[in-house]
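Notes to accompany the following structure.
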């Protein structure tokens, strides 16, 4: 056990999040998403798993260590509901609350059409599959930078 780390973050996920650079993307997907086949096409090339965890809880864990990109307009995205692009399902509302809490500010999700989402996910650094059983629990997050505070003067 490590101090100050969310216990959901296993070694494989921590390694991937640490290896990502500024601008790289991580996909957090629901149980219906074709995670394995999409993940094989990502930079990491394999699927990471958080089985038994819903998407909002997985987002809380990931964003506890991953800063979002502040240099882009949309560092967080969501899969649109097919045929209803303005509908925001409960899972996405819950995820939005986790993002805002983690960032300490409003960071609205940018919508992505379903098939465009699949294509974008293939270009991500990695995909993390959750046990989320509700549809449209699929999100993309762009990694930002962590600026360490200036070291104190001796």
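Mind grabbing the base-10 log of I(q)/I(0) for the range 22-141 at q = 0.13 Å⁻¹? Debye formula, identical points on the C-alpha positions, no solvent, two decimal places.
-0.43
Calculate the length of the line joining the C-alpha centroid of the range 16-65 to that of the range 82-154, in whole Å.
10
Most exposed first by the Cβ proxy, i.e. fewest other Cβ within 10 Å, how do 6, 51 rank?
Ascending Cβ contact count within 10 Å gives the list 51, 6.
Out of 137, 104, 35, any idea which swings most in a Gaussian network model of the chain, alpha carbons joined below 10 Å?
Of the options given, 104 has the highest mean-square fluctuation.
Using the Kirkwood radius built from alpha carbon pairs, what does the Stokes-Einstein equation give as D for the range 71-154 at 4 °C and 1.567 mPa s, in µm² per second?
It diffuses with D of about 90 µm²/s by this estimate.
Assuming 1.567 mPa s and 4 °C, estimate D for the range 20-75 with Stokes-Einstein, Rh taken as the Kirkwood radius over Cα pairs, in µm²/s.
The diffusion coefficient I find is 102 µm²/s.
Which angle from 0 to 90°, rounded to the nearest 10, does the C-alpha axis of helix 90-103 make with the longest principal axis of the chain?
Once rounded, the angle reads 10 degrees.
By per-residue mean of other Cβ atoms within 10 Å, what is the highest-first order of 18-30, 36-48?
Going from most to least packed, we get 18-30, 36-48.
Here, each number is a calculation from the coordinates, and none is a lab measurement. None of the values given here were measured: they were computed from a predicted structure. Note that we place each Cβ from the backbone using ideal geometry, even for glycine, and neighbour counts take in every protein chain shown.
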